[in-house]
Amino acid sequence: MNKEKRFLPDLNPEQLAALQLEGLKWTVAHACSGSPAYREKFDQARIKPEDITSLADIEKLPFTTVEDLRRGYPLPLLSVPQEQIVRIHASSGTTGKRKILAYTQKDIDTWKVMMARCFELAGLTTLDRVQIAVGYGLWTAGVGFQLGCEHFGAMAVPLGPGNLDFQLQFLTDLQPACLCSTASMALLLAEQVEKMGLQDRIKLKKLIFGAEPHTPKMRRKIEQTLDLEDSFDIPGMTEVYGPGTGLECWEHKGMHYWADIFILEIVDPVSLKPVQPGQTGEMVITTLRKEGVPLIRYRTRDLTRILPDPCPCGLNLPRHDRILGRSDDMFIFRGVNIYPGQIAEILEGFKDISSEYLITLDRKKGLDFMQISVERKESASADNDSHLAGLISAQIRKKVMVRAEVDIQGPGKLPRSMGKSRRILDQRDQD
Ligand code: AMP
Ligand code: ZN
């Protein structure tokens, strides 16, 4: 780890609170004067910028939702004159119509510091080469990693996603120390490295991976196959600049987040009241210096919890747990609310199957039907498939209280993704 902090802030709680209050006041005044949509929301809530005099006043502010972003399509909640916008990005569109977010130059500069902090926290040096294997273009991922990598001073190797041969060629020829990708892409690359016996020819030490939930099994497989020193889960979303709203530290006890750049609240998604510290709820984000599209109490739909204790790593930055899933990932099966993460957690306990799974929902004779496809590990015998399927199905019945058919496929048979993996295939509305 670089002991010298070039990008990571070192603020005591009083300094942080003062910065947050100043940023909150600025953001509310800025949004109110720059965006008719925000002004209307504040008018409806009968709140004025001067009503915000303490951090606790944040609870007086109305929430902003994904519908607010969609309603203003194509440039929702724009709070500066358009001539100040230097770029747009759009979300990956996994949950409906893409959201387009606009950036001023100052927003890009803030983001590049956020991302440079990630490389610093991951312990990279300016001698390191960084293979960036995520999407460029409209998606924030590629350009975000690149901005941060260059600002940090390491060497960006901007491959983008896809083309496995190309990825392997650069991994062996340039020997980057760090790979940035989704967990799915890292798994795919690891499997390919293994298949081609290239382990000795690559020198990867670190992986920064995010954009989707991962399981411990998936992470272990990647770390072991690529013989990594360490890997770091990175959170982020287009609405809050892009990737790099924080990073895991080397203690791997949650993610540190940049509390000088945004305020994080965790609320109960139904009552919208703050949960007790440490309880799981929806992440609500208020940006503190974002110009183009400031966010005020934005309901991200991502679920996590604050980890209230200080981190053993000693960093003066608060932490949240890894992103446990999205509230809109929940599906209702025969009256039971289920998150894919609950199924993943059960599968995690079975050592003879790999990390990959796909939940298919169907309707047969008017009834919901669930199939969970998993993959047998190389080391396990196919003779045991039906016994194993029975055991998994029994655990699901016990823990989630639904019946599911478990389908065990051969190693590597489930679809792989170079971006975010799809875990649910819901075919119930297609009768
Ligand atoms: P996008 O704006 O298209 O980049 O998508 C952002 C969304 O991806 C977030 O709101 C999360 O639901 C998900 N996501 C991003 N990073 C992670 C991560 N490290 N772990 C789990 N989910 C993530
Ligand atoms: Zn830490």
Subset of segment 244-294 that is under 23 Å from M115 (Cα atoms) and open to solvent by 50 Å² or more (accessible area, probe 1.4 Å) - its residue that is farthest from ligand 2 (Cβ to nearest atom): R289
Test: residue in segment 126-144 that is surrounded by 24 or more Cβ atoms within 10 Å (Cβ to Cβ) and without any contact (Cβ under 8 Å) to a residue 40 or more places away in the chain: no
Positions within segment 147-173 being modelled with pLDDT of 95 or more, outside any helix (DSSP H, G or I) and more than 21 Å from the chain's Cα centre (by Cα), in sequence order: G153, A154, M155, A156, V157
S355 being in contact (Cβ under 8 Å) with a residue 12 or more places away in the chain, polar (S, T, N, Q) and over 30 Å from R117 (Cβ atoms): no
Sole exception among (1) under 30 Å from A154 (Cβ atoms); (2) exposed (fewer than 14 other Cβ atoms within 10 Å of the Cβ); (3) at pLDDT 95 or above for D10, by number: (3)
Condition check for A116: open to solvent by 10 Å² or more (accessible area, probe 1.4 Å) and touching a residue at least 40 places away in the same chain (Cβ under 8 Å): no
Failed condition for L317, given (1) closer than 24 Å to Q342 by Cβ; (2) within 16 Å of ligand 2 (Cβ to nearest atom): (1)
Identity of the residue in segment 295-341, among the basic types (K, R) and within 18 Å of the chain's Cα centre (by Cα), that ends up least open to solvent (accessible area, probe 1.4 Å): R319
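Hey, among the residues in segment 162-216 that are within 30 Å of G349 (Cα to Cα), in contact (Cβ under 8 Å) with a residue 24 or more places away in the chain and of a type in the set (K, R), which one's nearest to ligand 2 (Cβ to nearest atom)?
K206
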Top-ranked residue of segment 224-278 - restricted to ones that are more than 9 Å from ligand 1 (Cβ to nearest atom), of a type in the set (G, A, S) and not in a loop (DSSP other than H, G, I, E, B), ranked as nearest to the chain's Cα centre (by Cα): G246
Test: residue in segment 405-419 that is at pLDDT below 95, surrounded by 19 or more Cβ atoms within 10 Å (Cβ to Cβ) and in a loop (DSSP other than H, G, I, E, B): yes
Segment 203-230: number of residues that are in contact with a Cys (Cβ under 9 Å, 6 or more places away or on another chain) and open to solvent by 40 Å² or more (accessible area, probe 1.4 Å): 1
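The values are calculated or read from the model by the stated rules, or taken from the named source; none is laboratory data. Remember, it's a predicted structure, so these values are computed and weren't measured experimentally. As a convention, Cβ positions derive from the backbone with ideal geometry for all residues, glycine included, and neighbour counts pool all protein chains shown. SASA here: full protein model, heavy atoms, side chains in, ligands and nucleic acids out. Shrake-Rupley method; radii C 1.70, N 1.55, O 1.52, S 1.80 Å.
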